[in-house]
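The structure under discussion appears below in the form of structure tokens.
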Amino acid sequence: MKTDIILAGVGGQGILSIAATLGAAAVEKGLYLKQAETHGMSQRGGAVVSHLRIADYPVASDLIPLGSADLILSVEPMESLRYLPFLSAKGCLVSNVVVFENIPNYPEFTRIEEEIRKLPLSVLLNAEEIAREVGNPRGSNMVMLGAASPFLHFTDSEIETGIEIIFGRKGSAVVELNKKAFYAGKAAAVKEK
């Protein structure tokens, strides 16, 4: 078993929390993990990307080769397009639809959506709206993790364990809010497919 995941977005959107949650779930499950990340500057809307490689055997490289990512999880729609060359022919793209205009001449969302919909397997959802609906307006990253979970080799309880490890120091209320966001995202993705 191997899963290569590209996590993409803009600084401050919670990409690193998603990576940490998946990493904690992988370690708890006894899997091997390699991760490489590039941090943008959140106050300037810089791009953030993380390559996450999870397997039941030792992983040699932390970078995902072009054309071999099983999943692109993007919390910003245009950032998902930037990493399409990494997606395998059988891979899935899961993206938030909420735009963060961090560059001049940002294209119309309809053009971005059109490109995403050309893919054989994609899920688009409004993670911010779903997070607000479940009472966790800062939990859109966990909504996105939930939306991507049907394409991962983890059970819900294994991801719950990752959430508990990463958010546990913030208290049980924060853990429960993040679990709620995760399950809301999963339900939205199942409905979207």
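The values are calculated or read from the model by the stated rules, or taken from the named source; none is laboratory data. Since we're looking at a predicted model, the values are computed, not measured. All Cβ positions, glycine included, derive from the backbone under ideal geometry; neighbour counts span all protein chains shown. What goes into the accessible areas is simple: the full protein's heavy atoms, side chains included, and nothing from ligands, DNA or RNA. Shrake-Rupley method; radii C 1.70, N 1.55, O 1.52, S 1.80 Å.
When the test is whether a residue is free of Cβ contacts under 8 Å to residues at least 60 places away in the same chain and either open to solvent by less than 50 Å² (accessible area, probe 1.4 Å) or closer than 12 Å to ALA184 by Cβ (or both), ASN126 passes it.
The residues of the stretch 74-85 that are buried (at least 22 other Cβ atoms within 10 Å of the Cβ) and touching a residue at least 60 places away in the same chain (Cβ under 8 Å), listed by number, are SER74, VAL75, GLU76, GLU79, SER80.
When restricted to residues that are of a type in the set (Asp, Glu), more than 20 Å from VAL48 (Cα to Cα) and at pLDDT 90 or above, the stretch 65-115 contains 3. Of everything listed in (1) under 28 Å from GLY30 (Cα atoms); (2) open to solvent by 30 Å² or more (accessible area, probe 1.4 Å); (3) touching a Ser or Thr at 6+ places or on another chain (Cβ under 6 Å), the single unmet condition for LEU93 is (2).
Annotation note: of ALA131, ALA184, ALA147, the sole residue that is more than 29 Å from ASP56 (Cα to Cα) and open to solvent by less than 40 Å² (accessible area, probe 1.4 Å) is ALA131. Residue check: is ALA60 assigned to a loop (DSSP other than H, G, I, E, B), open to solvent by 10 Å² or more (accessible area, probe 1.4 Å) and not aromatic (Phe, Trp, Tyr)? Against the criterion (assigned to a loop (DSSP other than H, G, I, E, B), open to solvent by 10 Å² or more (accessible area, probe 1.4 Å) and not aromatic (Phe, Trp, Tyr)), ALA60 qualifies.
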